[in-house]
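To start, the structure itself, in structure tokens.
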Amino acid sequence: MADAVTPTPLLKDELDIVIPTIRNLDFLEMWRPFFQQYHLIIVQDGDPAKTIKVPEGFDYELYNRNDINRILGPKASCISFKDSACRCFGYLVSKKKYVFTIDDDCFVATEPSGKKINALEQHIKNLLCPSTPFFFNTLYDPYRGGADFVRGYPFSLREGVPTAVSHGLWLNIPDYDAPTQLVKPLERNTRYVDAVMTIPKGTLFPMCGMNLAFNRELIGPAMYFGLMGDGQPIGRYDDMWAGWCTKVICDHLGLGVKTGLPYIYHSKASNPFVNLKKEYKGIYWQEELIPFFQSVALPKDCNTVQKCYIELSKQVRAKLSKVDDYFVKLADAMVTWIEAWDELNPSSADLSNGSSK
């Protein structure tokens, strides 16, 4: 019975839902009770001549490749084509404090009790409550009802830090790479773990973009999903790239990243053979990329996300260009992305010039 009641939307005027797609958005019908009162930004990938149908009653703006080229001009080169990485254009044009992004093959999941999960509400709770990256609490999230800081947890750290990213998980089809998909074609995640935890400082993680929310004001300029897909030697590493860059910058600026709840139901596995073609260079490269990100040091004067990101682009160019020339192109795109961000978000550009400090 409770599921039939439309919940009072939290942060209704402060949050955009960003959806990348190549198809009609029938999946929104299932999300209607949870999404209808929010503003949607739909980024259409592929052929801009194709008409994408959106169910009646949703407040949305839709951008295709022609719109991206018109709005960004020459800077549109930093937005990927024929890859879900195009979603970060939505982050660029959003004017809201928070962003939730979801894939169009993600459905409403249910708790073991049978209650439908309001993923967006849980993400908002995660983002509005502090993180504890500097000291691990063995009872997971200490701010949650029925939990607290355990004995031995330093009182000086119990205030926590602002949460920049909320990373949700998936029931049914797990987020596997192609080799794992190939050897475990029938594996499904049926395990619902009722927990949220802060990822510790200095620890990287594989960020999945299909069920993700973040504080755009705190970390938006680092949420660049890279150069992937059409014309690029790699795909399916867009969210990974954004996750590594974001985590390094969050650690430097003293911000938190949470993972765990909420779950969505991931309905269909992509083709492992197609995925392998997109991923295989990334599978090799990640063995050098991870040590690179683990060793990144950002100078003290990098006191904004933009400054951190530009510094990161320099280190990518200097150190990863020996892995492949692609990383020179990616470093250039990282700079273009920040220029586009500052152009479309002038108040955030002022902050990056240090006027707030």
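Please go through the range 11-43 and pick out each residue that is part of a loop (DSSP other than H, G, I, E, B) and among the β-branched types (Val, Ile, Thr).
Of everything in the range 11-43, just one residue is part of a loop (DSSP other than H, G, I, E, B) and among the β-branched types (Val, Ile, Thr), namely ILE22.
Scanning the range 15-36 for residues that are over 17 Å from THR110 (Cβ atoms) and either at pLDDT below 95 or open to solvent by 80 Å² or more (accessible area, probe 1.4 Å) (or both) yields ILE22, ARG23, ASP26.
Taking each residue of the range 196-221 that is modelled with pLDDT of 95 or more and looking for partners that are open to solvent by less than 10 Å² (accessible area, probe 1.4 Å) and among the charged types (D, E, K, R) with beta-carbon atoms closer than 6 Å, six or more apart or interchain, yields VAL196/LYS258; THR198/LYS258; LEU204/LYS247.
For GLY243, the criteria (1) over 24 Å from ASP16 (Cβ atoms); (2) out of contact with any strand residue (DSSP E or B) (no Cβ under 7 Å at 6 or more places or on another chain); (3) among the small types (Gly, Ala, Ser); (4) open to solvent by less than 30 Å² (accessible area, probe 1.4 Å) hold in every case but one, which is (1).
Residue by residue, here is whether (1) surrounded by fewer than 17 Cβ atoms within 10 Å (Cβ to Cβ); (2) at pLDDT 95 or above; (3) under 28 Å from ARG188 (Cα atoms) holds:
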residue	(1), (2), (3)
PRO262	no, yes, yes
LYS281	no, yes, yes
GLU287	yes, yes, yes
PHE292	no, yes, no
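Of everything listed in (1) closer than 27 Å to GLY202 by Cβ; (2) without any contact (Cβ under 8 Å) to a residue 60 or more places away in the chain; (3) open to solvent by 60 Å² or more (accessible area, probe 1.4 Å), the single unmet condition for PHE327 is (3). When each of SER347, SER321, SER267 is tested for being of a type in the set (Gly, Ala, Ser), open to solvent by 20 Å² or more (accessible area, probe 1.4 Å) and either in contact (Cβ under 8 Å) with a residue 24 or more places away in the chain or farther than 24 Å from PRO74 by Cα (or both), the lone residue that passes is SER267. Exactly one residue out of GLN122, GLN181 is in contact with a Gly (Cβ under 8 Å, 6 or more places away or on another chain), part of a helix (DSSP H, G or I) and either open to solvent by less than 70 Å² (accessible area, probe 1.4 Å) or polar (S, T, N, Q) (or both), and it is GLN122. Counting only residues that are within 24 Å of VAL93 (Cα to Cα), among the β-branched types (Val, Ile, Thr) and in a strand (DSSP E or B), how many does the range 216-262 have? Of the residues in the range 216-262, 1 are within 24 Å of VAL93 (Cα to Cα), among the β-branched types (Val, Ile, Thr) and in a strand (DSSP E or B). Evaluated against (1) part of a helix (DSSP H, G or I); (2) within 19 Å of PHE292 (Cα to Cα); (3) touching a helix residue (DSSP H, G or I) at 6+ places or on another chain (Cβ under 7 Å), ASP342 falls short on exactly one condition, (2).
Yes/no matrix, rows are residues, columns are (1) within 28 Å of GLY243 (Cα to Cα); (2) in contact with a Ser or Thr (Cβ under 9 Å, 6 or more places away or on another chain):
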{"site": "GLU14", "(1), (2)": "yes, no"}
{"site": "GLU29", "(1), (2)": "no, no"}
{"site": "TYR38", "(1), (2)": "yes, no"}
{"site": "ILE41", "(1), (2)": "yes, yes"}
{"site": "VAL54", "(1), (2)": "no, no"}
{"site": "ARG65", "(1), (2)": "yes, no"}
{"site": "ARG87", "(1), (2)": "yes, yes"}
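Is it the case that the range 294-301 has a residue that's at pLDDT 95 or above and assigned to a helix (DSSP H, G or I)? Scanning the range 294-301 turns up at least one residue that is at pLDDT 95 or above and assigned to a helix (DSSP H, G or I). Condition check: at pLDDT 95 or above and acidic (Asp, Glu). Does ASP59 satisfy that? Considered against the rule, which asks whether it is at pLDDT 95 or above and acidic (Asp, Glu), ASP59 comes out as yes. The set of residues in the range 75-92 being part of a helix (DSSP H, G or I) and not polar (S, T, N, Q) consists of LYS75, ALA76, CYS78, ALA85, CYS86, ARG87, CYS88, PHE89, GLY90, TYR91, LEU92.
The values are calculated or read from the model by the stated rules, or taken from the named source; none is laboratory data. Not measured: the values here are computed from a predicted model. Here Cβ is always computed from backbone atoms with ideal geometry, including for glycine, and neighbour counts include all displayed protein chains. Only protein heavy atoms, including side chains, enter the accessible area calculation; ligands, DNA and RNA are left aside. Shrake-Rupley method; radii C 1.70, N 1.55, O 1.52, S 1.80 Å.
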